[in-house]
Every structure is written in C-alpha cells, then in structure tokens.
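**Q** One structure follows; several queries about it will come next.
The values are calculated or read from the model by the stated rules, or taken from the named source; none is laboratory data. Just so we're clear, the structure is a prediction, and the values are computed from it rather than from any experiment. Cβ placement follows ideal geometry from the backbone for every residue including glycine, while neighbour counts extend to all protein chains displayed. Note: accessible area is taken over every heavy atom of the protein model, side chains too, but ligands, DNA and RNA are not part of it. Shrake-Rupley method; radii C 1.70, N 1.55, O 1.52, S 1.80 Å.
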Amino acid sequence: MAGRRVAVIGAGLGGLAAAVRLASKGHEVRLFERRAIPGGKASTLNVRGYRFDTGPSLFTMRPVLDELFETAGARHHDHLELVPLDPICTYYYPDGRSLRAWADPERLAAEIGERTDDDPGAVRAHLDHSRRIYESAGELFLRNSLSTPSTFLKPEVIRALLRPWRIDGLRTMNAAHRSRFRDPHTIQLFDRYATYN
C-alpha cells in the first residue's frame with residue numbers, strides 16, 4: 001500500500017517525532033509550524049545579545065531519542081552532541097537558599113543532607129522507592145495507551161495492575177514527598193519532577 005499524504009501541525013518535539021515516524025513508514029509528510037524555527041518549547045530566545053535555551057532543561061530518556069533516530073535510519077551521535085552536566089542544575093529559593101541537583105545519587109543525598117533539615121538516608125530511600133515504581137509501571141505508562149482496551153491484556157500491564165501498592169498510586173506525589181521529607185526545600189525539589197511527566 002502506498003504511503004498517504006499526512007499533515008503534522010506543530011514542529012515541537014512531539015510534532016517532529018511524529019513526522020519522523022510517519023515518514024519512515026513511507027508517508028508523504030508536510031510539517032506546519034507557525035514560528036520561524038522548529039522546536040516548540042525546545043527553542044532559544046535572544047534578548048539584547050544574550051541567547052537563552054528555553055528547554056528542555058532536563059533530558060531523562062535517552063533511549064527514546066535513540067529509537068527515534070534509528071527509526072529514521074540515523075544515529076543521534078551524527079547530529080547531536082549530548083553534554084552531561086553535573087550538577088544538572090541549581091535550584092534557587094526565595095529565602096536565599098540553593099540546592100544543587102547532582103546526577104550522582106550519593107552527591108545529591110549529601111547535598112540535601114548538608115543544606116536542608118532532611119537526612120541523606122531519606123533521599124537514598126526515596127530514590128530507591130522511585131526506582132521500584134519505575135520498574136513496576138514505567139512500561140505501563142510510557143509505552144502504552146491507557147485508552148486502548150487491548151493494553152490491559154498485555155502481561156506487563158497485568159503484572160503492574162496486580163501490584164498497585166508498588167506504584168504508590170493512592171496518593172499524590174506531594175503527599176508521598178511530605179511523608180518522607182520535612183524540609184519544604186526538599187519537598188519542592190522533588191515535586192518539580194512531576195513537570196517532566
């Protein structure tokens with residue numbers, strides 16, 4: 001079957017990814033963007049001779065990027081240079097306090113232990129708990145459509161649904177953070193990660 005003509009509206013990261021995937025399947029893709037450059041939120045802003053990256057400020061799922069390039073018959077290494085930062089970023093609070101978010105979990109735990117009222121052990125336990133949630137439900141939420149009935153027949157989805165306590169799904173992320181941490185700076189730092197979902 002010959003490819004179809006497809007229009008993709010918006011050249012943000014999602015629109016670009018959709019266009020690449022559709023074109024790789026043989027469709028003739030037209031990509032429409034109202035701005036002069038593609039990228040959506042992942043763009044730049046020039047103000048009085050200074051350039052600001054508008055996002056993303058954190059890149060967490062490199063395998064997704066690798067898969068997209070592979071779909072297009074390319075490698076991201078040939079087109080992009082990913083530069084790891086450590087610390088990843090620094091959070092500044094209105095009271096003048098700051099916290100550096102280190103990529104290394106031990107350094108992050110030590111930073112929070114030194115600069116807040118929270119214990120490094122609580123940070124380690126939280127990161128371990130978060131890892132278990134991801135291992136239990138990552139595939140369910142990231143690779144499946146919960147609006148498609150056939151999703152719920154997949155073995156990995158059934159396993160995740162049979163162990164709801166492992167995903168801590170009966171309370172908000174903020175409530176989970178408040179149960180582990182005392183310092184509002186630490187709570188706000190970890191609450192921030194919800195924006196990446």
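**Q** Express the carbon and sulfur contribution to the solvent-accessible surface of the chain as a percent, rounded to the nearest whole number, probe 1.4 angstrom.
**A** The nonpolar share, carbon plus sulfur, comes to 56 percent.
**Q** Over the chain, average the accessible area per residue using a 1.4 Å probe and give it in Å², no decimals.
**A** Value for the chain: 70 Å² per residue.
**Q** Put +1 on the Cβ of every Lys and Arg and -1 on every Asp and Glu Cβ in the stretch 41-197; which of A74, C89, G169 then has its Cα farthest towards the positive end of the dipole?
**A** Most positive-ward Cα: G169.
**Q** Starting from the residue with the highest accessible area, list R48, R178, R159, R166 in decreasing order, probe 1.4 Å.
**A** My answer, sorted largest first, is R48, R178, R159, R166.
**Q** Moving on to the next point. In cubic angstrom, how much convex hull volume per residue do the alpha carbon atoms of the chain span?
**A** Convex hull volume per residue, Cα atoms: 180 Å³.
**Q** Diagonalise the Cα gyration tensor of the stretch 117-197 and give the resulting equivalent ellipsoid semi-axes, square root of 5 times each eigenvalue, largest first, whole Å.
**A** Semi-axes from the Cα gyration tensor: 28, 13, 10 Å.
**Q** Ordering K41, K25, K154 from largest to smallest accessible area (1.4 angstrom probe), what's the sequence?
**A** Order by accessible area, largest first: K41, K25, K154.
**Q** OK, next. Could you compute how much accessible surface Y134 exposes when probed at 1.4 Å, giving the result in Å² to the nearest 10?
**A** Only protein atoms counted, so the area is about 130 Å².
**Q** Taking each pair of distinct Cα atoms in the stretch 50-138 once, what is the resulting Kirkwood hydrodynamic radius in Å?
**A** Over the stretch 50-138, the inverse of the mean reciprocal pair distance is 15.9 Å.
**Q** Please state the charge dipole magnitude for the stretch 59-162, taken about the Cα centre, from unit charges on C-beta atoms (+1 on K and R, -1 on D and E), reported in debye and rounded to the nearest 20.
**A** 340 debye
**Q** Can you work out the Karplus-derived ³J(HN,Hα) for every residue in the stretch 136-150? Use 6.51 cos²θ - 1.76 cosθ + 1.60 with θ = phi - 60°, whole Hz, and x for glycine or proline.
**A** Karplus values, whole Hz, x for Gly and Pro: 7, 10, x, 5, 4, 8, 9, 10, 9, 8, 6, 9, 9, x, 5.
**Q** Could you identify which residue out of I187, I133, I158 has the top mean-square fluctuation in a GNM of the chain using Cα springs shorter than 10 Å?
**A** I158
**Q** Ok, one more. Which of D119, D168, D95 ends up with the largest GNM mean-square fluctuation for the chain, with Cα atoms connected below 10 Å?
**A** D95
**Q** Same structure again: Can you list residues from other chains, or at least 5 along the same chain, whose modelled amide H is less than 5 Å from the amide H of W102?
**A** Correct list: I88, L108.
**Q** H77 to K25: extension gain in nm, 0.36 nm per residue of separation minus the Cα-Cα distance?
**A** 16.5 nm
**Q** Could you go through the stretch 59-75 in sequence order and give the Karplus-derived ³J(HN,Hα) for each residue, using 6.51 cos²θ - 1.76 cosθ + 1.60 with θ = phi - 60°, rounded to whole Hz, and x for Gly and Pro?
**A** Going residue by residue, I get 10, 10, 10, 4, x, 5, 5, 4, 4, 4, 5, 4, 4, 8, x, 9, 10 Hz, with x marking Gly and Pro.
**Q** Cα centroids of the stretch 1-76 and the stretch 145-181: how far apart, whole angstrom?
**A** 29 Å
**Q** Next question, about the same structure. Search the structure for amide H atoms under 5 Å from the amide H of T116, placed 1.01 Å from N in the peptide plane, and list their residues when 5 or more places away or on another chain.
**A** Those qualifying (amide H under 5 Å, at least 5 residues apart or on another chain) number zero.
**Q** Let me ask you something else. Explain nothing, just compute: Karplus ³J(HN,Hα) = 6.51 cos²θ - 1.76 cosθ + 1.60, θ = phi - 60°, for every residue of the stretch 112-123 in order, whole Hz, x for Gly and Pro.
**A** 5, x, 7, 10, 9, 8, 9, 8, x, x, 5, 5
**Q** How much accessible surface area, in Å² rounded to 10, belongs to the heavy atoms of M173 with a 1.4 Å probe?
**A** 80 Å²
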